[in-house]
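Chemist: This is the structure I want to talk about, given as structure tokens.
The values are calculated or read from the model by the stated rules, or taken from the named source; none is laboratory data. Quick caveat, the model's predicted, so the values are computed rather than measured. Reconstructed Cβ throughout: ideal geometry from the backbone, glycine too, with neighbour counts over all protein chains shown. Remember, those area values only see protein heavy atoms, side chains included, never the ligands or the DNA or RNA. Shrake-Rupley method; radii C 1.70, N 1.55, O 1.52, S 1.80 Å.
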Amino acid sequence: MSRFADARLTRVVMPKTDPTWRFALGARAESVGLLLELVDGDGRTGLGWASEIPHLGYDIEVMEAVARAHLPRVLAADPADHAALVGDPWHPTLVAPVRSMVDQAWWDLLGRTVGAPVYRLLGGPAPKSLRVNRILALKAPDDMAKVAAGLADEGYDHFKIKVENKPPALDVARVRATREAVGPDAVLTVDANQSYDRKGAVAFGAAIARYDVAVFEQPVPQHDVTGLRYVTEHSELTVEADEAADSLLAIRELLRERAVDAVSLKLSKLGGIDALLLAANLCHAYGIGYRIGAHVGSRIMNSAALHAAAALPGGENAGEVGEFARLTGDVATGLEVESGAVAAPDEPGLGVRVDLPIPART
């Protein structure tokens with residue numbers, strides 16, 4: 001790669017098609033993110049994306065300030081020195097979504113420079129098609145069922161049901177209504193987003209087991225590793241860490257403690273493609289399952305997750321890499337869900353492009 005000539009950062013607001021969308025930890029009518037365009041001396045541009053994650057403490061104002069402070073270092077760095085751009089994935093100095101954004105842009109630019117898709121640079125033999133696990137926001141049971149049925153008509157067959165423990169009986173009704181709406185063959189995940197305590201989670205898991213739930217995601221508070229292990233040991237469901245798996249060090253602790261059956265891996269939590277690959281290989285070494293978790297934001301970030309998935313040693317054949325379908329105003333094109341599945345583009349770099357007007361590009 002030639003020396004970097006420019007680094008443009010733009011805040012982008014992507015309204016949700018359903019402005020009432022909510023989950024146990026909050027509600028918001030839009031997804032807000034940062035677009036990074038990293039330009040080399042030959043005019044090639046690498047793209048990166050970082051979504052705001054308020055429930056994990058990643059505020060867009062802070063993220064943008066950190067990114068703007070870091071960009072002069074990026075421009076001054078040797079383009080071939082990845083570590084100089086993003087630092088150590090085990091002990092990051094950048095907030096995770098910003099580190100991930102810079103990492104994505106670097107990989108995209110490298111792929112465009114050498115004329116190869118990112119998954120090949122990562123060692124993946126071919127793009128991996130994932131069934132898209134669509135997330136069902138908190139609503140009345142019948143309304144959730146209606147949304148699920150509509151998605152099933154579009155070809156989706158994996159669904160994640162948000163629950164909130166207000167009260168458990170309502171959550172059970174949500175699971176039951178969704179199962180009835182999508183039929184017996186659809187794969188269901190239930191995501192509590194930390195809303196249960198350990199004994200309540202076990203009781204709720206027993207109540208929904210009859211509906212053939214594949215995964216029970218983050219049943220207890222983020223830092224309650226002992227509670228996660230308790231639920232894992234006392235529930236017949238596969239228990240998955242999400243918020244608890246917010247760094248490589250946190251994942252290592254979960255694995256050492258045998259606290260979960262599976263881990264949800266996200267670029268914005270872990271800090272980039274390199275960190276996600278390390279996390280996946282750790283899980284693989286410990287015999288713990290993993291899958292690509294929710295990447296709510298631009299197609300840029302979702303494409304990066306798909307390229308990483310193509311290089312993983314195993315993992316599930318489904319991931320939450322299609323939530324861009326419920327957002328409007330994406331600045332990127334080149335990635336679409338087809339019949340409930342999506343794969344990394346087989347083009348140089350991440351394979352997506354920015355060819356829509358970007359307001360107030362700075």
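Chemist: Kindly establish whether ASP191 is closer than 20 Å to SER51 by Cβ, open to solvent by less than 30 Å² (accessible area, probe 1.4 Å) and touching a Gly at 6+ places or on another chain (Cβ under 9 Å). Full working, then the answer.
Modeler: Working: closer than 20 Å to SER51 by Cβ: yes; open to solvent by less than 30 Å² (accessible area, probe 1.4 Å): yes; touching a Gly at 6+ places or on another chain (Cβ under 9 Å): no.
Judged against the criteria, ASP191 is not a match.
Chemist: Here's a follow-up. Need the failing condition index for ARG73 against (1) open to solvent by 10 Å² or more (accessible area, probe 1.4 Å); (2) of a type in the set (Lys, Arg); (3) within 24 Å of ASP330 (Cβ to Cβ); (4) modelled with pLDDT of 95 or more, just the number.
Modeler: So the condition that ARG73 fails would be (3).
Chemist: Keeping to segment 328-359, report how many residues are crowded, with 20+ Cβ neighbours inside 10 Å, part of a strand (DSSP E or B) and among the aliphatic types (A, V, I, L, M).
Modeler: Going through segment 328-359 one residue at a time, the tally reaches 3.
Chemist: Given the options GLY124, GLY57, GLY115, name the one that is on the phi > 0 side of the Ramachandran plot and touching a residue at least 60 places away in the same chain (Cβ under 8 Å).
Modeler: Values: GLY124 fails: on the phi > 0 side of the Ramachandran plot; GLY57 fails: touching a residue at least 60 places away in the same chain (Cβ under 8 Å).
Only one candidate passes the filter, namely GLY115.
Chemist: For LEU109, state whether it is of a type outside the set (Ser, Thr, Tyr) and in contact with a Phe, Trp or Tyr (Cβ under 8 Å, 6 or more places away or on another chain). Before the answer, list the steps.
Modeler: Details: of a type outside the set (Ser, Thr, Tyr): yes; in contact with a Phe, Trp or Tyr (Cβ under 8 Å, 6 or more places away or on another chain): no.
When the stated conditions are applied, LEU109 does not pass them.
Chemist: So ARG229 clears everything in (1) open to solvent by 20 Å² or more (accessible area, probe 1.4 Å); (2) charged (D, E, K, R); (3) under 20 Å from GLU320 (Cβ atoms) except one condition, right? Which one?
Modeler: All conditions pass for ARG229, except number (3).
Chemist: Follow-up. Within segment 44-52, is there a residue that is within 20 Å of ASP242 (Cα to Cα), at pLDDT below 95 and in a strand (DSSP E or B)?
Modeler: no
Chemist: Among ALA145, ALA207, ALA186, ALA201, which is out of contact with any Lys or Arg (no Cβ under 7 Å at 6 or more places or on another chain) and surrounded by fewer than 18 Cβ atoms within 10 Å (Cβ to Cβ)?
Modeler: Working: ALA145 fails: surrounded by fewer than 18 Cβ atoms within 10 Å (Cβ to Cβ); ALA186 fails: surrounded by fewer than 18 Cβ atoms within 10 Å (Cβ to Cβ); ALA201 fails: surrounded by fewer than 18 Cβ atoms within 10 Å (Cβ to Cβ).
Unique residue meeting the criteria: ALA207.
Chemist: Would you check which residues across segment 270-286 are buried (at least 24 other Cβ atoms within 10 Å of the Cβ) and touching a Pro at 6+ places or on another chain (Cβ under 8 Å) and list them?
Modeler: Listed by number, the residues that qualify are LEU270, GLY271, GLY272, ALA275, ALA280.
Chemist: Let me ask something additional. Among what's in segment 77-125 and is open to solvent by 20 Å² or more (accessible area, probe 1.4 Å) and among the aromatic types (Phe, Trp, Tyr), pick the residue that is nearest to ALA280 (Cα to Cα).
Modeler: The selected residue is TRP90.
Chemist: Something else now. Has segment 332-343 got at least one residue that is in contact with a His (Cβ under 8 Å, 6 or more places away or on another chain) and in contact (Cβ under 8 Å) with a residue 12 or more places away in the chain? Reasoning before the result, please.
Modeler: At the first step, the residues of segment 332-343 found to be in contact with a His (Cβ under 8 Å, 6 or more places away or on another chain) are 340.
Checking the rest, the ones that are also in contact (Cβ under 8 Å) with a residue 12 or more places away in the chain come to 340.
Yes: one or more hits.
Chemist: Within the group THR10, THR20, which residue is within 20 Å of SER268 (Cβ to Cβ) and either surrounded by fewer than 19 Cβ atoms within 10 Å (Cβ to Cβ) or not aliphatic (A, V, I, L, M) (or both)?
Modeler: Values: THR20 fails: within 20 Å of SER268 (Cβ to Cβ).
Residue meeting the stated conditions: THR10.
Chemist: For segment 1-35, name all the residues that are touching a residue at least 60 places away in the same chain (Cβ under 8 Å), within 30 Å of GLY111 (Cα to Cα) and under 17 Å from the mean Cα position of the chain (by Cα).
Modeler: MET14, SER31, GLY33, LEU34, LEU35
Chemist: Can you name every residue in segment 23-42 that is open to solvent by 50 Å² or more (accessible area, probe 1.4 Å) and either in a loop (DSSP other than H, G, I, E, B) or modelled with pLDDT under 95 (or both)? Please lay out each step first, then the result.
Modeler: Narrowing segment 23-42 to residues open to solvent by 50 Å² or more (accessible area, probe 1.4 Å): 25, 27-28, 30, 41-42.
Once the filter is applied, which keeps residues that are open to solvent by 50 Å² or more (accessible area, probe 1.4 Å) and either in a loop (DSSP other than H, G, I, E, B) or modelled with pLDDT under 95 (or both), segment 23-42 yields LEU25, ALA27, ARG28, GLY41, ASP42.
Chemist: Let me confirm something: among GLY314, GLY289, which residue is surrounded by fewer than 20 Cβ atoms within 10 Å (Cβ to Cβ) and at pLDDT below 95? Steps first, please.
Modeler: Details: GLY289 fails: at pLDDT below 95.
None of the other options fit; the residue is GLY314.
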